[in-house]
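Let me begin by presenting the structure, written as C-alpha cells, before commenting on it.
The values are calculated or read from the model by the stated rules, or taken from the named source; none is laboratory data. Because the structure is predicted, anything quoted here is derived from the model rather than measured. Glycine also receives a Cβ, built like all others from the backbone with ideal geometry; neighbour counts cover every protein chain displayed. Please note that ligands, DNA and RNA were not included when accessible areas were found on the heavy atoms of the full protein model with its side chains. Shrake-Rupley method; radii C 1.70, N 1.55, O 1.52, S 1.80 Å.
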Amino acid sequence: MSWLGTAERIRAGQRRAPAPETDTGPGGTPGLLPGIPRQRADREAGVAGAGALPNTPGTAARWRPWRLVPTPAGTPFTFGYAVLLAATSLFAEYGDQGLVSDLLRGSSTDVAHLAQAPLLVLIASALWIAGGMTSGYAVAFLFVLTALERRIGALYTVVVFLGGHVLATLATELPVAFQVAAGGLPESSLHRLDYGISFGVMTCTGALAGLLPVRSRLPLLAGAGYLAVTDLLAYTDPLSDWGHLLSLALGVASWPLLRRWRAHRAAPAPLLGDLGHPALRGARMY
C-alpha cells in the first residue's frame with residue numbers, strides 16, 4: 001500500500017464521529033440513565049425536599065401556633081369530642097337542674113351502675129366535664145389531645161383515651177366493691193357520684209410525654225405528677241386522685257406501643273420501581 005493511502009486512512013480515523021454527549025446535572029455531575037429507578041438525583045431531591053415536611057426526623061419544622069388547637073381536618077376526634085363536651089357543659093350549666101342531676105347520676109361509674117350496665121355508664125360518664133368548661137382538665141383536654149392526635153392519628157388517640165378512662169375507672173371502683181362486700185365500707189359507697197374526662201386526659205398526658213423531646217417531656221411529666229400527688233395529699237377525693245395517678249402511669253406505660261404506632265404512621269409509602277419493595281425483592285435488572 002502506498003504512503004498516500006496510509007495518510008488518507010489516518011486522516012479518516014482522526015475525523016471519526018465524536019462520542020455521544022451525556023446530560024449533566026447541576027454542577028457538571030454526570031447525568032442519569034433513563035429507566036433506572038431510585039437514582040442518585042432522586043435520592044438527593046428527596047433529601048432536599050424533606051425540609052418542607054413538618055414531621056420529618058432531623059429537620060427543623062416551622063412553629064405554627066394554630067396547630068395547638070383542634071381542627072376538623074387535622075384532628076377530627078379531638079374537634080368532634082370537644083364540640084360534644086361543650087354542648088353537654090352548656091346544658092349542665094343552663095339546663096333544668098333536676099334533669100341534669102338525674103343524667104349525671106345515671107352516668108356515674110359507681111359500683112352499682114357498673115354492675116347493672118357497665119358499657120353504658122363507661123361511655124356516658126365520659127360525656128361530661130366535672131367542673132365545666134373552665135376546669136383545668138377541660139383546658140388540658142384541648143391541648144393534650146390535639147398534640148397527641150397530630151402525632152399518632154385519631155384512631156390511636158381514641159384507644160389511648162378510652163383505655164385510660166376504662167382501666168383507671170375499673171381499678172378504682174372494683175376495690176370499693178370488695179371493701180363493701182368485706183364489711184370495710186358502708187353500702188352507700190356503692191353509689192358515689194363519679195363522672196368526667198379526667199382519667200382519659202391524664203392517660204393522654206402521660207402518653208404524649210413519651211413522644212416529645214426530653215426538654216419538653218420532663219416538665220410535662222413533672223407538672224402532671226405534681227398535680228396528681230398534691231391532690232392525693234389533700235385527701236379531698238382520694239379514690240379519684242388515686243385514679244389520676246394511675247392514669248398518668250398507664251400513659252407512661254404505653255410509650256413503646258405509641259412509638260411503634262407513630263413510626264408505622266410516618267413510614268413513607270414504597271415507590272414504584274423500588275427494588276427494596278418486598279414484591280420486587282430478588283428481581284434482576286437487564
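List pairs: first residue in region 156-182 and in contact (Cβ under 8 Å) with a residue 40 or more places away in the chain, second residue buried (at least 19 other Cβ atoms within 10 Å of the Cβ) and outside any helix (DSSP H, G or I) anywhere in the structure, Cβ distance under 6 angstrom, at least six positions apart or on different chains.
Hits for this filter: Thr169/Thr109.
What do you reckon, is Glu173 open to solvent by 60 Å² or more (accessible area, probe 1.4 Å) and of a type outside the set (Lys, Arg)?
Details: open to solvent by 60 Å² or more (accessible area, probe 1.4 Å): no; of a type outside the set (Lys, Arg): yes.
Taking the combined requirement at face value, the residue does not satisfy it.
Across region 202-226, what is the number of residues that are without any contact (Cβ under 8 Å) to a residue 24 or more places away in the chain and either in a helix (DSSP H, G or I) or touching a Ser or Thr at 6+ places or on another chain (Cβ under 8 Å) (or both)?
11
Provide a single number: the residues in region 182-201 that are within 19 Å of Ala86 (Cα to Cα) and either in a helix (DSSP H, G or I) or open to solvent by 30 Å² or more (accessible area, probe 1.4 Å) (or both).
Here the count works out to 5.
What number of residues within region 104-120 satisfy the criterion of being open to solvent by less than 60 Å² (accessible area, probe 1.4 Å) and either small (Gly, Ala, Ser) or closer than 22 Å to Leu90 by Cβ (or both)?
6
Any idea which residue in region 132-149 is farthest from Gly196 (Cα to Cα), counting only those that are β-branched (Val, Ile, Thr) and open to solvent by less than 50 Å² (accessible area, probe 1.4 Å)? Give the derivation first.
Step one: list which residues in region 132-149 are β-branched (Val, Ile, Thr), which gives 134, 139, 144, 146.
Next cut, open to solvent by less than 50 Å² (accessible area, probe 1.4 Å) only: 144, 146.
Numbers: Val144: 16, Thr146: 18 Å.
Here the residue is Thr146.
Taking region 196-234 as the region of interest, how many residues are within 19 Å of Leu145 (Cβ to Cβ) and among the charged types (D, E, K, R)?
Selection size over region 196-234: 1.
Name every residue in region 217-258 that is of a type in the set (Gly, Ala, Ser) and open to solvent by 50 Å² or more (accessible area, probe 1.4 Å), in order of residue number. Reasoning before the result, please.
To start, the set of residues in region 217-258 that are of a type in the set (Gly, Ala, Ser) comprises 222-225, 228, 234, 240, 243, 247, 249, 251, 253-254.
Within region 217-258, Ala222, Ala234, Ala249, Ala253 meet the criteria.
Among residues belonging to region 114-132 that are closer than 26 Å to Tyr156 by Cβ and either outside any helix (DSSP H, G or I) or hydroxyl-bearing (Ser, Thr, Tyr) (or both), point out the one that is modelled with the lowest pLDDT.
Ala130
Of the residues that sit in region 151-170 and are open to solvent by less than 40 Å² (accessible area, probe 1.4 Å), assigned to a helix (DSSP H, G or I) and not β-branched (Val, Ile, Thr), which one is farthest from Pro72 (Cα to Cα)?
Here the answer is Ala168.
Look at region 83-113 and say how many of its residues are part of a helix (DSSP H, G or I) and in contact with a helix residue (DSSP H, G or I) (Cβ under 6 Å, 6 or more places away or on another chain).
Filtering region 83-113 for residues part of a helix (DSSP H, G or I) gives 83-94, 97-106, 111-113.
Those left that are additionally in contact with a helix residue (DSSP H, G or I) (Cβ under 6 Å, 6 or more places away or on another chain): 88, 92, 100, 111-113.
Adding up the residues that qualify gives 6.
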